[in-house]
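Taking it in order: structure first as structure tokens, then the write-up.
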Amino acid sequence: MAPCFRAGAALARAGVLAACLLGGAARADTLAVKVSDQGNRPLADAVVMAIPARPAPPVRPRKVAIEQKDREFLPFVTAVQVGTSVTFPNRDPLLHHVYSFSPAKVFEIKLYANTSPDVLFDKPGPVALGCNIHDWMEAHIYVAPTPYFGKTDAQGATRISLPAGAYTLEIWHPYQNAALPGIPARVAGTLNQALQLPVSVPQRRIKPPLDPSQYGG
């Protein structure tokens, strides 16, 4: 193997060699996924998960925020790892009332302005969100049982950094027609995977114009 440095002082050689070894150890492999619907159109907001064959090392989940702005939830779909705390900051000059009755998480944050308490999502699965004041407001959380997950962009693409090894790929979308079975995959280097998920997008209630004279706008 070609050396990553030229001969020099012993101390310099040792330092550069350590950097090379550490750099190699830190390398991550990549799962690149493209998701389309039944019409071969790119599917945004699909959550792709790689479930490792062996238990994944513990990862400390980060705190996530789902905003309420202009009487909408932002973003529409959020993917988090089990054990993540989510807050729901209210950016509107009116009150909101966030709730979910989903089996993976039942909670309610009654009428509030500005900041909300943290909500811990400790069970895997989908969580549908609503606002008790503005019934057109809709959003979704998927609580992943793995640290290796991603959400597709407008082009239906996502990239997940993960160690090489054997995985089962799972996919979820709030408007999917049915759940897809897990797909075995072995990642080494970069694995490109194309997935298709049939969806049916419901007609959502139109947001009415803001009326400051009405309670909650």
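We did not get these values from a lab; they are worked out from the coordinates using the rules stated. Computed from a prediction, not measured in an experiment: that's the story for all the values here. All Cβ positions, even for glycine, are placed from backbone atoms using ideal geometry, and neighbour counts span all protein chains on display.
The orientation-averaged projection of the convex hull spanning the C-alpha atoms of the stretch 125-165 amounts to 4.4 square nanometres.
Ordering 198, 73, 102 by the projection of their Cα atoms onto the charge dipole of the chain, which places +1 on the Cβ of Lys and Arg and -1 on the Cβ of Asp and Glu, puts 198 at the extreme positive end. Checking the cross-link pairs 34/123; 69/151; 34/151 against a 18 Å limit on the alpha carbon distance flags 34/123; 69/151 as lying beyond it. Available extension along the chain between residue 207 and residue 118 is 29.3 nm, counting 0.36 nm per residue and deducting the alpha carbon span. A DSSP coil position with no more than 14 other Cβ atoms inside 10 Å describes the following chymotrypsin sites (Phe, Trp or Tyr not before Pro) in the stretch 80-186: 136.
For the chain, the longest principal axis of the Cα atoms and the long axis of helix 10-25 meet at an angle of about 40 degrees.
When Rg is the radius of gyration of the Cα atoms in the stretch 57-145 and Rh is its Kirkwood radius, what does Rg/Rh come to? Please list the in-between numbers first.
Working: Rg = 12.4 Å, Rh = 13.0 Å.
So for the stretch 57-145, dividing Rg by the Kirkwood Rh gives 0.95.
For a quick check, take a GNM of the chain with Cα springs below 10 Å and name the residue from 50, 139, 154 with the largest mean-square fluctuation. Top of the fluctuation ranking is 154. Using Cβ point charges alone (K and R +1, D and E -1), the dipole size of the stretch 101-157 about the Cα centre works out to roughly 120 debye.
In the set [x] 169; [y] 177; [z] 128, the label that goes with volume of the Cα convex hull per residue in Å³ computed for this structure is [y]. Going from the residue with the fewest nearby Cβ atoms within 10 Å to the one with the most, 60, 159 rank 60, 159.
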